[in-house]
Amino acid sequence: MSAQRALNTDEKLDWLRLFRSEHVGPITFYRLIERFGSAANAIDALPSLAKRGGQKNPIKLATRESAEKELKAVNDAGGIMIARCEPDYPPLLAAVEDAPPVISVLGRRELLKKTRALAVVGSRNASLNGRQFAEKLARDCGQAGFTVVSGLARGIDAAAHRGGLATGTIAVLGCCISIVYPEENKKLYEEIAEQGVIISECPFGTPPSAHQFPKRNRIISGLSEGVAVVEAVQQSGSLITARLALEQGREVFAVPGSPLDPRSAGSNNLLRQGATLVENAQDVLNELQGVGISRFTEPQAPVNGAAATASEDDVATARDKLLQTLGPSPLRLDDVIRDLNLPTSAVLAALLELELAGKAQRQPGGMICLLSA
């Protein structure tokens, strides 16, 4: 991405329109900006790109009217929308390859500029001991200068937010910023909106749903230098957050628990896999001493306009070969490019067309795969 700059209203509406258009995820969004130079140019190019990729029906573009309506709704709710290129965007999150191009923010957005942050996550059905530990861990780390990040779920998340309220806490939602979920956390939501900050990448009005939470988890880990898992059953969302943290180069911490308690099975397994054992806040502080923002550098973008230099014949050949080579299991893009033995610009252009046609998906870590029909 280019250097930080504030977007004017028209540019922000274009960013929002592009991000809300069909088949445009975060990584595809950034590739489009790199190729076409602006969101407005990318929007103009989407229909022809999707058609060349094989989409039969016209791609659904977000309208300017819908973008204006969403921006107004966020503002009317007391929030603000921040684009990834803008100075107020959280610097740790900006270093993540698939960071949301636009986020909605409610509360003290100056907290987003702090570069020392710790995520504390865990079981919704948490034990009393687990909740008390999470709250104390968050309070102690907050007093040491860390913003506490979590997902506002019941159990460990709620306890972590309470511990971090006095020093600063960020709640990342799997729904829009105006919806309280779960309802039992309404008072906590109101306290965070006043003393902390609430963020979401979801369109305004989006209700909570299961498929939103893994996407939300990458933001929780992306906002943080490390993720501490207090209690987690096997196959829990907290373990997804820990895995995403490792992929993003963050530290992973785990609190040991009784082998007789299934709520500790996931966190104990993290310890077997090499997570740092946490018995108190000092264990976290020792591990993160001297880390800071300098460790996390923004991913290097491909050369601007590289895909535009490919001939139509090369792109068509690359498109056919990609469809033959790719499958549902992700492959490394670098390996695919070497295997196809075609100009890189042609492969990147063809892949972009397939993504916009809903046939291929680019994933974090330079992975690509075909999507099932």
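Straight-line reach from Lys359: which lysines fall under 29 Å, measuring Cα to Cα and dropping same-chain residues less than 8 apart?
Lys12, Lys51, Lys56, Lys60, Lys215, Lys321
What is the gain in length, in nm to one decimal, between Gln363 and Asn280 on full extension, counting 0.36 nm per residue of separation less the C-alpha to C-alpha distance?
26.3 nm
Classify region 58-115 from the C-alpha gyration tensor, please: rounded if a/c falls under 1.5, else prolate or oblate depending on whether a/b exceeds b/c. List each step's numbers first, then the result.
Values: a/c = 3.54, a/b = 1.37, b/c = 2.58.
Oblate shape, in that a/c is at least 1.5 and b/c is the bigger or equal ratio.
Kindly rank 133-140, 168-175 from highest to lowest mean number of other beta carbons found within 10 Å of each residue. Please list the in-between numbers first.
Numbers: 133-140: 23.6, 168-175: 26.6.
Top to bottom by mean Cβ count within 10 Å: 168-175, 133-140.
Over region 106-295, what portion of Cα pair distances is larger than 23 Å, expressed as a whole percent? Before the final figure, lay out the partial values.
Working: 5898 of 17955 pairs.
Above the 23 Å cut-off, region 106-295 has 33 percent of its Cα pairs.
May I ask what percent, to the nearest 5, of DSSP beta bridges between residues of the chain are antiparallel?
Details: 14 of 33 bridges.
Antiparallel bridges make up about 40 percent of those DSSP assigns within the chain.
Would you give the gap between the C-alpha center of region 100-159 and the C-alpha center of region 347-373, rounded to a whole Å?
Answer, in whole Å: 34.
How far apart, in nanometres, would the label points at Arg332 and Glu65 be if each is projected 7 angstrom from Cα along the Cα-to-Cβ direction?
4.9
Could you tell me the center-to-center distance, by alpha carbons, between region 1-60 and region 214-257 in angstrom?
Region 1-60 and region 214-257 have Cα centres separated by 30 Å.
Any idea how far apart Lys136 and Gln235 come out in nm if each label point goes 7 Å out from Cα toward Cβ?
If labels sit at Lys136 and Gln235, their model points lie 3.3 nm apart.
Could you tell me which residue out of Val336, Pro207, Gln143 lies farthest along the dipole of the chain toward its positive end? Charges go on the beta carbon: Lys and Arg +1, Asp and Glu -1, centred on the Cα centre.
Selected residue: Pro207.
Please give the contour-minus-distance gain from Glu86 to Ala45: 0.36 nm per residue of separation, less the Cα-Cα distance, rounded to one decimal in nm.
On the way: separation 41, 0.36 × 41 = 14.76 nm, distance 2.42 nm.
Result: 12.3 nm gained on full extension.
Please list 348-354, 97-103 highest first by mean number of surrounding beta-carbon atoms within 10 Å per residue. If you can, show how the numbers build up before the last one.
Details: 348-354: 25.7, 97-103: 23.4.
Highest-to-lowest ranking by the protection proxy: 348-354, 97-103.
Label region 153-227 by shape, choosing from rounded, prolate and oblate, from the square roots a ≥ b ≥ c of the eigenvalues of the Cα gyration tensor; if a/c is under 1.5 it is rounded, and otherwise prolate applies when a/b is larger than b/c, oblate when it is not. Could you put the intermediate results ahead of the total?
Working: a/c = 1.60, a/b = 1.18, b/c = 1.36.
Because a/c hits 1.5 or more and a/b fails to exceed b/c, region 153-227 counts as oblate.
Based on the Cβ-Cβ distance of Asn129 and His211, what FRET efficiency does E = 1/(1 + (r/R0)^6) give at R0 = 30 Å, to the nearest 0.05?
Numbers: r = 32 Å, r/R0 = 1.06.
Computed FRET efficiency for Asn129 and His211 comes out at 0.40.
Give me D for the chain in µm² s⁻¹, whole number, from Stokes-Einstein with Rh from the Kirkwood sum over alpha-carbon pairs, 4 °C and 1.567 mPa s. Intermediate values should be presented prior to the final figure.
Values: Rh = 21.4 Å.
Approximately 60 µm²/s, per Stokes-Einstein.
Which whole-Hz couplings ³J(HN,Hα) result when phi for each residue of region 76-86 is put into the Karplus expression 6.51 cos²θ - 1.76 cosθ + 1.60, θ = phi - 60°, listed in order with x for Gly and Pro?
Karplus values, whole Hz, x for Gly and Pro: 5, 7, x, x, 8, 9, 10, 8, 4, 7, 8.
Take Glu110 and Asp339, extend 7 Å from each Cα along the Cα→Cβ direction, and tell me the distance between the two endpoints in nm.
The modelled label-to-label distance comes out at 5.2 nm.
Under unit Cβ charges (Lys, Arg +1; Asp, Glu -1), what dipole magnitude, rounded to 20 debye, does region 1-96 have relative to its Cα centre? Don't skip to the end; give the middle numbers.
Values: 14 positive and 12 negative charges, 98 e Å.
With Lys and Arg at +1 and Asp and Glu at -1, about 460 debye.
Over the Cα atoms of region 305-362, what is the Rg over Rh ratio if Rh follows Kirkwood?
Values: Rg = 10.3 Å, Rh = 11.2 Å.
In region 305-362, Rg relative to Rh is 0.92.
With +1 assigned to the C-beta of every Lys and Arg and -1 to the C-beta of every Asp and Glu, and no other charges, what is the dipole magnitude of the chain about the Cα centre in debye, to the nearest 20? Numbers along the way, then the final one.
Details: 41 positive and 42 negative charges, 80 e Å.
Dipole about the Cα centre, nearest 20: 380 debye.
Only the coordinates and a few stated rules stand behind these numbers; no lab work does. Because the structure is predicted, anything quoted here is derived from the model rather than measured. Cβ atoms come from the backbone with ideal geometry, glycine included; neighbour counts cover every protein chain shown.
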